[in-house]
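Just so it is clear, none of the values below were taken in a lab; they were calculated from the coordinates. Source: prediction; values computed, not measured. Note that we place each Cβ from the backbone using ideal geometry, even for glycine, and neighbour counts take in every protein chain shown.
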Amino acid sequence: MKKIVAGLLSAALVVAVTGAADAKSRKQQRQDYDSYAAKYPGATPRQLKNARAYDRGEYYEMDSNAHPVGSRSWWELKERESGGRGFRF
């Protein structure tokens, strides 16, 4: 009986710690989203996600239309799409 109670308590502790860490992670993600949304007010959620992923070195779409206009990733992708000749308006 003591082993069962000890096992349940340890499982509850693990769940509680994981939940607290997950809540902190969600709060950080929301702050990141808000900062990118403020930086690029006309961007769609898809564009904001790709800009964050580019800056973090994570997976992002290799299409300039999927990034906020004027962002670092947008300029780099426009350069690649033009064949390295420099971006022309």
Which of the lysines could a cross-linker span from LYS27 if the Cα-Cα distance has to be under 20 Å and same-chain partners fewer than 8 positions apart are dropped? LYS39, LYS49
Where Rh is the Kirkwood radius over the Cα pairs of segment 42-89, the temperature 10 °C and the viscosity 1.306 mPa s, what D in µm²/s does Stokes-Einstein return? 148
For the residue pair LYS39 and ARG56, what label-to-label distance in nm results when each label sits 7 Å from Cα along the Cα-to-beta-carbon direction? 1.3
